[in-house]
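Inspection log for the structure reproduced underneath, given as structure tokens.
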Amino acid sequence: KICLRTIRYENPFDDFLADLFESKLLYKLVERADDPNQAVLPMVLPVIAGERLALQEALFLHQFCSSPAEVQNVCSQLERGSYNYAFAKQKELTQFIREHRPLVRKVNNPHHDPKLDCLMQIIKDAGTEKIVIFCEYLETARALRDGLKQLIPNVKVETTVDAQDLDDLLRRFAPIANEVLPEERQNKEEIQVLIATRSMSEGFNMQDASILVNYDLPWTVLQLAQRMGRVLRPWGAP
């Protein structure tokens, strides 16, 4: 039996992102191509104000819906001008981001994050059931691990990000699926909640878990199916 649930929450960054899109400060810097007639013209052709990148805006939307930690990461890049392309109005963009820093700092706190609060309730309702949480961004995965350890310290939470021994981590989370012998299991070291990223959505056994949380939605349905495949496999129990 499979039960699907959609959890809705109020994103505190909605107005921030809407204003950022409306400002057109995310437009890419684009210079005019060299004109063969430029040499005989008595003027310099102006720089175009900027180019809108719709797909890039979709990425920003996805990031701003992920976690305050990821918003903090993106804002730092936008403010410093260290993103993967140059912006047409970098000075104005830097000022805009600085004006919204107080909001980002406030929400970037486990006690003030409404999305994390919803996740914490799922974990509490699950009792002793094991849970896999999939994220798209490294900063989100790290923040979830640290936030959940602070909010519910009695629950063993780990992430595959920065794991020194991934095989050991998976064996501690899903000993049955990874064929750990009963005498080799260490109950006190077993993980109840595992936070994973996209790289873990294919080829790993996590079938000890009965709950899968898509904290970030993937970009394609195929990726979503691959995530589900980590827990939905033929099982020996009736």
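In loop segments of segment 131-238 as defined by DSSP, the GluC sites (Glu not before Pro) with at most 13 further C-beta atoms inside 10 Å of their C-beta are Glu179, Glu202. Largest mean-square fluctuation among Val30, Val155, Val213, in a Gaussian network model of the chain whose springs join Cα atoms under 10 Å apart, belongs to Val30.
Stokes-Einstein diffusion of the chain at 4 °C, 1.567 mPa s viscosity, Kirkwood radius from Cα pairs, rounded to a whole number: 64 µm²/s.
Computed over the alpha-carbon pairs of segment 55-120, the distance histogram in 5 Å steps reads 3, 17, 24, 26, 16, 8, 5, 1, 0 percent, short to long.
For segment 97-238, the convex hull drawn through the C-alpha positions has a volume of 128 cubic angstrom per residue.
Multiplying the residue separation of Lys28 and Leu181 by 0.36 nm and subtracting their alpha-carbon distance yields 49.5 nm. For segment 159-238, averaging the sequence separation of C-alpha pairs within contact (under 8 Å, six or more residues apart) and dividing by the residue count gives a relative contact order of 30 percent. Pairwise Cα separations in segment 175-217 fall into 5 Å bins from 0 onward with the following percentages, short to long: 5, 16, 27, 26, 14, 8, 3, 0. Per-atom-type breakdown for the chain gives carbon and sulfur 51% of the accessible area (1.4 Å probe, protein chains only). Residue separation of Asp162 and Ile122 scaled by 0.36 nm, minus their Cα-Cα distance, works out to 11.9 nm of gained length. Site pair Ser76 and Val221 shows an inter-label distance of 3.8 nm when each label is modelled 7 Å from Cα along Cα→Cβ.
Per residue, the chain exposes 60 Å² of accessible surface when a 1.4 Å probe is rolled over the protein heavy atoms with every protein chain present. Backbone geometry of segment 144-157 corresponds, through the Karplus equation with coefficients 6.51, -1.76 and 1.60 at θ = phi - 60°, to 3J(HN,Hα) couplings of 5, 4, 5, x, 5, 5, 7, 7, 10, x, 7, 9, 7, 10 Hz, x marking Gly and Pro.
Report the FRET efficiency, 1/(1 + (r/R0)^6), for Glu99 and Asn205, where r is their Cβ-Cβ distance and R0 is 45 Å, rounded to 0.05. Once rounded, the FRET efficiency stands at 0.40.
Each of Gln90 and Ala18 was given a label point 7 Å from its Cα along the Cα-to-Cβ line. The distance between the two points is 3.1 nm.
Measuring from label point to label point, each 7 Å out along Cα→Cβ, what is the Ile7 to Gln56 span in nm? Inter-label distance under the simple model: 3.3 nm. Its residues counted as N, segment 128-207 yields a C-alpha radius of gyration over 2.2 N^0.38 Å of 1.05. If you restrict to DSSP beta bridges whose two residues both lie in the chain, what percentage is antiparallel, to the nearest 5? Here the share of antiparallel DSSP bridges comes out near 20 percent.
Charges were assigned to the Cβ only: +1 to each Lys and Arg, -1 to each Asp and Glu. The resulting dipole of segment 144-192 about its Cα centre is roughly 300 debye.
Listed by chain and number, the lysines whose alpha-carbon sits under 28 Å from that of Lys106, ignoring those within fewer than 8 places in the same chain, are Lys24, Lys89, Lys91, Lys115, Lys124, Lys149, Lys156.
The values are calculated or read from the model by the stated rules, or taken from the named source; none is laboratory data. Keep in mind it's a predicted model, so treat the numbers as computed, not measured. Cβ coordinates were reconstructed from backbone atoms using ideal geometry, including for glycine residues, and neighbour counts include every protein chain displayed. Accessible surface areas use protein heavy atoms only, side chains included; no ligands, DNA or RNA. Shrake-Rupley method; radii C 1.70, N 1.55, O 1.52, S 1.80 Å.
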